[in-house]
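Take this structure first; my questions come after.
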Amino acid sequence: MQDNRIRFTLNGQPMALPAGTIATRTLLDWLREDAWLTGTKEGCAEGDCGACTVVLEDGARREPINACLATLGQMHGRAIRTVEGIGRAVAEALADADGTQCGFCTPGIVMSAWAWTREGGDAHEALAGNLCRCTGYRPILEAMGRMQDDGVRADAVAPAPASFATPEQVFHLPATLAEAVALKRALPDAWLLAGGTDLGLRFSEHRENPPAVIALLNMSELRGLRVDGTGIRIGAAEPYSALHEACAGDADFAPLAPYLARLGSRQIRAMGTVGGNLGTASPIGDALPILLALDAVVETSARELPVADFLLDYRRNALAADEIIAAIRLPRPAPGALLVAEKLSRRHDQDISAVAMVARVEFAGGVVSRARIAFGGMAATTRRATGAEGALIGRALTRETAREAAAALDFAPLSDWRGSAEWRMTAARGLVERLWLRHAHPKMPADVFAVPA
Ligand SMILES: Cc1cc2nc3c(=O)[nH]c(=O)nc-3n(C[C@H](O)[C@H](O)[C@H](O)COP(=O)(O)OP(=O)(O)OC[C@H]3O[C@@H](n4cnc5c(N)ncnc54)[C@H](O)[C@@H]3O)c2cc1C
Ligand code: FES
Ligand code: FES
């Protein structure tokens, strides 16, 4: 049955928003202005500072998200927890450790820390999406060391297909891909919305309310992730957090995990999707070098195509007006392949790449039999360095051959505030040269940090 009211669970209580609620209103605005839950703060309104962090709950899972980027329509069927709904223990642990000073960031940090008490992982990485200008983080990390999972949980409700209509806007949450395609044909100007970590800025910062939205989050064809002998297949609307987890747990894809851990923050990875990265087709989309290096296949509502044919030009992809990305297949690298993923950005955490490289080098009889070296940030679109790849084929991967491959890089990058053209070329050559080091020293730490000159 079609639902026409936005429903979700908030702090354990079922909610139904009044008919006529604008579905692209941000969760943050609604929490603060209608629900009077003003613990959740607005700092940047663009997903960077984490002051607006709330947690999506689904059974045992807790995923922090940025309420400033999330729309009410996307929350339909979800369970949301705000700082008002978790008791005092986490906040008191922070206060006891002097982990709060002016306090503006504190509710967001409380929510990230609360999610971390369940999800675990590296505490620094769990805070990468929360900016604190006062404490220097040491006391916050100390406080986190003393926090425990409180056992609280709430379940997301399996969402029914829904449409929320007001005189200004219609917001559809179709249940099947066929329905979504039919809607897109009927409403050619409708915005396709997945995680909203790109489009969310238009709702949050630019205060745009598009007349029609088709949200892609509730279609089973676009959700789920499967790992098998052939590789990974990820639904286009499945968040990055699932891909990160799958890569971290699979030896062949594990070199991608530290790179994915630097794609945005936990908040961004809980909502953002590979489908959205392909949809935006930005030259600095971090998923795209992965897809090119692995010869990924893009499955759409109409066809399958290699990712190399999908990315056409600056922010331009091969999608027809009524075509929707359904899933992405990442083939498993051949046994013994070298897989390297490097991201260079001005800031280590929560920053956009200045230069990103993902390389897959396969060997036969001690020489390179196949090389894929894909760069972001070096051209108008993410693209392979075919000159460098060619320089490696049929040869052993040594310092000398890697240097020759680096010298064969065929890019003419731009200068911008993330790095000059000269710096970009030097950095890219350095990354290609380092391939031999990665090959010779497979235990070398995967994470890299460099500041452009
Ligand atoms: C604070 C912050 C940090 C970020 N950091 C990074 C980073 O480090 N690296 C990086 O690469 N990106 C980063 N991003 C950008 C963003 O997270 C990614 O581009 C993400 O992949 C977008 O996915 P989404 O699901 O949120 O897309 P959405 O915003 O929902 O959509 C983006 C575009 O893709 C289209 N689209 C989405 N899904 C489909 C589909 N299935 N079929 C057809 N079209 C579709 C939409 O219509 C829209 O045009 C960051 C964003 C923010 C706000
Ligand atoms: S207000 Fe800064 S991330 Fe949302
Ligand atoms: S305590 Fe002031 S910003 Fe964190």
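Once you charge only the Cβ atoms, +1 for Lys and Arg and -1 for Asp and Glu, what is the size of the charge dipole of segment 87-145 about its Cα centre, to the nearest 20 debye?
With only Lys, Arg, Asp and Glu charged at Cβ, the dipole is about 160 debye.
Can you give me the long-range amide H partners of Asn317? Hydrogens built in the peptide plane at 1.01 Å from N, cutoff under 5 Å, separation of 5 or more residues or another chain.
Amide H to amide H, under 5 Å and 5 or more residues apart or across chains, Asn317 pairs with Leu312.
Given 0.36 nm per residue, what is the gain on full extension from Ala396 to His206 after removing their alpha carbon distance, in nm? Display every interim value, and only then the final one.
Working: separation 190, 0.36 × 190 = 68.40 nm, distance 5.24 nm.
Here the answer is 63.2 nm.
I'd like the distance separating the alpha-carbon centroids of segment 1-45 and segment 354-373, in whole Å.
47 Å
I'd like the per residue volume of the convex hull spanned by the Cα atoms of segment 87-145, given in cubic angstrom. List each step's numbers first, then the result.
Numbers: hull volume 4.2 nm³, N = 59.
In segment 87-145, the Cα hull volume divided by residue count equals 72 Å³.
What residues have an amide H closer than 5 Å to that of Thr53, excluding those fewer than 5 places away on the same chain, when H is modeled at 1.01 Å from N in the peptide plane?
Long-range HN contacts for Thr53: Lys41, Ala67, Gly108.
Can you list the HN-Hα couplings for segment 343-356, worked out from phi with the Karplus curve (6.51, -1.76, 1.60; θ = phi - 60°), rounded to whole Hz and with x for Gly and Pro?
Result, rounded to whole Hz: 10, 10, 8, 5, 10, 5, 9, 6, 9, 7, 5, 7, 9, 10.
By the 4.7 Å beta carbon criterion, which cysteine residues of the chain come out unpaired?
Cys with no partner Cβ under 4.7 Å: Cys102, Cys134, Cys247.
Quick one: 3J(HN,Hα) in Hz for segment 297-305, Karplus 6.51/-1.76/1.60 with θ = phi - 60°, rounded, Gly and Pro as x.
10, 9, 9, 10, 5, 10, 6, 10, 8
Kindly write out, for segment 197-208 in residue order, the coupling ³J(HN,Hα) from the Karplus curve 6.51 cos²θ - 1.76 cosθ + 1.60 (θ = phi - 60°), rounded to whole Hz, with x marking Gly and Pro.
Running phi through 6.51 cos²θ - 1.76 cosθ + 1.60 with θ = phi - 60° gives 7, 9, 5, x, 4, 6, 6, 7, 7, 8, 6, 8 Hz.
With Cβ to Cβ distances under 12 Å as the rule, what net charge do the other residues near Cys49 carry (K, R +1; D, E -1)?
Once all neighbours under 12 Å are counted, the net charge is -1.
How would you order 367-374, 226-233, 262-269 from highest to lowest mean count of nearby Cβ atoms within 10 Å? Show your work: numbers first, answer last.
Numbers: 367-374: 20.8, 226-233: 14.5, 262-269: 26.1.
Peptide ranking by packing, descending: 262-269, 367-374, 226-233.
Report the semi-axes of the equivalent ellipsoid for segment 156-251 in whole Å, largest first, where each axis is √(5λ) for an eigenvalue λ of the Cα gyration tensor.
Taking √(5λ) for each Cα gyration eigenvalue gives 29, 16, 11 Å.
Continuing with this model, one more query. Under a cut-off of 29 Å between alpha-carbon atoms, report the lysines in cross-link reach of Lys184, not counting same-chain residues fewer than 8 places apart.
Lys184 reaches no qualifying lysines.
Roughly how many debye, to the nearest 20, is the charge dipole of the chain about its Cα centre, given +1 on each Lys and Arg Cβ, -1 on each Asp and Glu Cβ, and no other charges?
The dipole of the chain has a size of about 700 debye.
At a Cα cut-off below 20 Å, give the lysines reachable from Lys343, other chains included and same-chain residues fewer than 8 away excluded.
Those lysines meeting the cut-off are Lys443.
Label points 7 Å out from Cα along the Cβ direction at Ala35 and Asp250: separation in nm?
In this crude spin-label approximation the distance works out to 3.5 nm.
For segment 237-338, which chymotrypsin sites (Phe, Trp or Tyr not before Pro) are both in a DSSP coil and crowded by at most 12 other Cβ atoms within 10 Å?
Details: sites: Tyr240, Phe253, Tyr259, Phe310, Tyr314; in loops: Phe253, Tyr314.
Qualifying residues, ordered by number: Tyr314.
Another question, if that's okay. Using a 7 Å offset from the Cα along the Cα-to-Cβ direction at both Ala160 and His124, what is the distance between the two label points in nm, to one decimal?
4.9 nm
If you don't mind, another one. Just want the answer: with Cβ charges of +1 for Lys and Arg and -1 for Asp and Glu, which residue in Ser353, Cys44, Ala428 is farthest toward the dipole's positive end in the chain?
The Cα lying farthest towards the positive end belongs to Ala428.
Hey, what angle do you get for helix 106-119 against the long axis of the chain, alpha-carbon based, 0 to 90 degrees rounded to 10?
On a 0 to 90 degree scale, this one is about 70.
If each residue of separation counts as 0.36 nm, what is the full-extension length gain between Asp416 and Arg316 once their alpha-carbon separation is subtracted?
34.0 nm
Bear in mind that the values in this text are calculations on the coordinates, not laboratory data. Everything quoted here is computed from the prediction, not taken from an experiment. Quick reminder, even Gly has a Cβ in these numbers, built from the backbone with ideal geometry, and neighbours come from all protein chains shown.
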